């Protein structure tokens, strides 16, 4: 209790509050601009957090995350372009509602659903994280290896059109992660004579490259300005207050969606993007008026937005508890935040609760506060966001590229990492041209080295026997779950795709 | 829909073949990795499995997609070089920025990059050039001195 | 409108150009900030100790002393950065004895002789730890059980580092064998110990302290010649008849071939930092001893450490091929 009060005092001190408001605002702004994502918002700010104490840096990053995920709602509702992948399905109903002349109501409903979803997942975060942290201590090399297998199974199970391409992307990511010193013997591999590569590709520049370069380039190519319906008049305040209390009307829908969002977020490698799609599919399946979906259904907006915001909290659980190893991130943003932990010399994991419980509580409180700030800002600034949407791409693109260069350099003080950014940017571009999913590549890249390390360590411990993978209960359970999950997720994502195909356009 | 499918087949074929090539190279590199005395598997073991998997799946993808590839499908793949020229130019500029960062320094490099890119992407207008210079100048100074003074982070 | 834009542009350009005018003339060294390369991430022992002495060096040098973290490959990348740097004294390295281990295991191709060692600086202790439920209360218990069951108990170590060398030395002095499982990082090893995945390991005293105080781990011995000031109740390994030592000792290096007056200036600035009473107090707060060694002492120390490690590497078959 005392820890909680101290944490609240920490978060409510003026500097930290200012950072949270600023973080949510910046996140919303970037999320609202099509093609810019929460990942990018966090990636840009991480180098800036160097100079801050961790008690300030992480509330800032968490607020960026919350803001970035919710920001996609604005462009989704107003111009029908999902600002972030996590609001793909939000477009269907929000934009229809806007076209029906109720843009304020569309924004308000989405924001309210985001708010309630985020708060619910904050509660889940607080109650679930400590027991999960204790449980995580029981994970040894066998359990971790199985867990990585489960992660890989999840990631490839949800990759759109072609499963084979997903597997290939995963393998390519795994291979790229193995460049540099091997994690057991320190033997250098595949460095092509560059000593800068002996630690492998730096993760953050690679991640930023994969996602931003391709987005910037395709944005710059499109070139044209988005058309905006800002001309219409609407009373933002009235709509926002009204919609805040619409949610209880759909209590059960909301509950189902939130639980699903948190659960999806907790599974490594999925995160809010898929949560948005799956929750929407689920909301439609259980809706009273499924025929209204895609035509401005309130249920649709709630399902999609509550889902993705609930997943943000869920995705933080594995990060903070390290249940899922030395950091299996729940999605791309948490992958970046994980990197930030390392930069600040904080080892995420079960030990975090013991050595830094104060710090963890601060993050919880900040997450809670950030969600409320997010709603207030949506209310106050929707009109500013609409302005930001009209910044011409030809100015935006070079600015973003420059920030990427600075960010890549500042992360490890090496010009070499700017080249890593470029290389992975080109890989990302190629993947988009060839319609190959990026997520498996990313997960392979991030987790490959740990997977290899744990697997080989496991075999050293067992003196070469594979049997413990199947005799240790947690490991066995994980392997069984991966198999079942692959089957289930494959069917579910096929259904989600069908829903998408039916409702879209 | 049919056209999209055909197009996809060609793309899949190219991607599959690329994976086979990369996989072969990776497998060759993996089999030359030194092993050590105190561990059975060695540093080349998992890379070998991974690159082997890439070759097998790459072949599978190529064969599966090759069936629906014909001359007409190949003809559908075109690359709009002219429309992409500004973007390519900006990417080259970015590479130039990275290459010269340590000799020219951040302030000049970043300023020139932003100003030129805005100008190129904006369609070479006078107004765009001015915008680029203003945005580039303000941004460069903000980033450089912001990082240096506030965070003691040195940029070259 | 256009006029205003023009005015702003001109102003911006002027400022830009002014900012570029580097102070000319050959003033005395140093004329610009000095970068101390830390080959590890911020927040670790190397980083924290360096950030402290940098503040004190700044005072006597009159130029900013900036900490630059370049991590990767157990420190290799940061070392290479200084190895290849222009020998002007503006880029220096703060690294502990893992530098020798990296050479001896074949990760790098340079030794301390490829740098100009400025001085040995601070040092901190390492400890041998077991879980709170372990039946072992002293090293004698470990020796007894490990002799009875060779290769049975799991010992985790950080491969290719000073920790690896220290642990090998300890086991050979104890004349026992264990199931050696590599795991880098103090915290992951402690996590593993708490979860019961490992029986015994060695970590930096600073990492072990919170868990020692909370009663989650037991410390069986300090791996230094003398008892630690911060753990007076724990005997050293040598007191328990095991002739093994593992120190985190930091050394300040400059690139080979720096001018001798620059070298002297760096050394005296470093000395005045390391011997200042305030710094000593700050170091004590993080359980580190500030032990400045002058030029000859430093070279003797490095020679003896290097030779000792070389012998160990050859003895245990991990010597570079």
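Share of Cα-Cα pairs in chain C beyond 35 Å, in percent?
Of all Cα-Cα pairs in chain C, 29 percent lie more than 35 Å apart.
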Legend entry - Additional length obtainable on full extension of the chain from residue A:465 to residue A:263, 0.36 nm per residue less Cα span: 69.4 nm
Legend entry - Kirkwood hydrodynamic radius over Cα pairs of the stretch C:125-240, then Stokes diffusion coefficient at 10 °C and 1.306 mPa s, in µm²/s: 114
Inset, instruction - Over chain C, calculate the relative contact order: mean separation of alpha carbon pairs under 8 Å at least 6 apart, over the residue count, as a percent. - result: 25
Inset, instruction - Quickly rank A:105-118, C:102-115, A:178-191 as a protection proxy: mean count of other C-beta atoms within 10 Å, highest first. - result: A:105-118, A:178-191, C:102-115
Inset, instruction - With label points built 7 Å along Cα→Cβ from the Cα atoms of residue A:246 and residue C:311, find their separation and express it in nm. - result: 8.0
Inset, instruction - Just grab the label-to-label distance for residue B:34 and residue B:64, each label 7 Å out from Cα along the Cβ direction, in nm (one decimal). - result: 4.1
Legend entry - Protection-proxy order for peptides A:464-470, C:202-208, each taking the mean of Cβ atoms within 10 Å per residue, highest first: C:202-208, A:464-470
Legend entry - chain C: angle of helix C:295-315 to the longest principal axis, Cα-based, in degrees nearest 10: 50
Inset, instruction - For peptide A:162-174, compute the average count of partner chain beta-carbon atoms within 10 Å of each residue's beta-carbon. - result: 6
Inset, instruction - Summarise the partner chain shielding of C:191-197 as one whole number: the mean count of Cβ atoms from other chains within 10 Å of each residue's Cβ. - result: 6
Legend entry - Inter-label distance, nm, simple model (7 Å from Cα along the C-beta direction), residue C:55/residue B:56: 5.8
Legend entry - Residue mean of other protein chain beta carbons inside 10 Å, C:207-214: 2
Inset, instruction - Compute the FRET efficiency between residue C:233 and residue C:148 as 1/(1 + (r/R0)^6), taking r as their Cβ-Cβ distance and R0 = 22 Å, and round to the nearest 0.05. - result: 0.20
Inset, instruction - Arrange the peptides B:131-138, A:60-67 so that the one whose residues have, on average, the most other Cβ atoms within 10 Å appears first. - result: A:60-67, B:131-138
Legend entry - More than 21 angstrom apart: percent of Cα pairs within the stretch C:222-283: 50
Inset, instruction - Any chance you could give the angle, 0 to 90 degrees and rounded to 10, that helix C:260-274 forms with the longest Cα principal axis of chain C? - result: 60
Inset, instruction - Set the Förster distance to 30 Å, then compute FRET efficiency between residue A:12 and residue C:281 from the Cβ-Cβ distance, nearest 0.05. - result: 0.35
Legend entry - the stretch A:428-481: radius of gyration over Cα atoms, expressed as a fraction of 2.2 N^0.38 Å: 1.59
Inset, instruction - Quick one: Debye curve from the alpha-carbon atoms of the stretch C:53-101 only, equal weights, vacuum; give me log10 I(q)/I(0) at q = 0.13, 0.23, 0.24, 0.29 Å⁻¹ to two decimals. - result: -0.36, -0.94, -0.98, -1.15
Inset, instruction - Return A:414, A:163, C:189 ranked ascending by Cβ neighbour count within 10 Å, so the fewest neighbours appear first. - result: A:163, A:414, C:189
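Values in this text are rule-based calculations from the coordinates and carry no lab data. Just so it is clear, the model here is predicted, and its values are computed rather than measured. Positions of Cβ are backbone-derived with ideal geometry, glycine not excepted, and every protein chain shown enters the neighbour counts.
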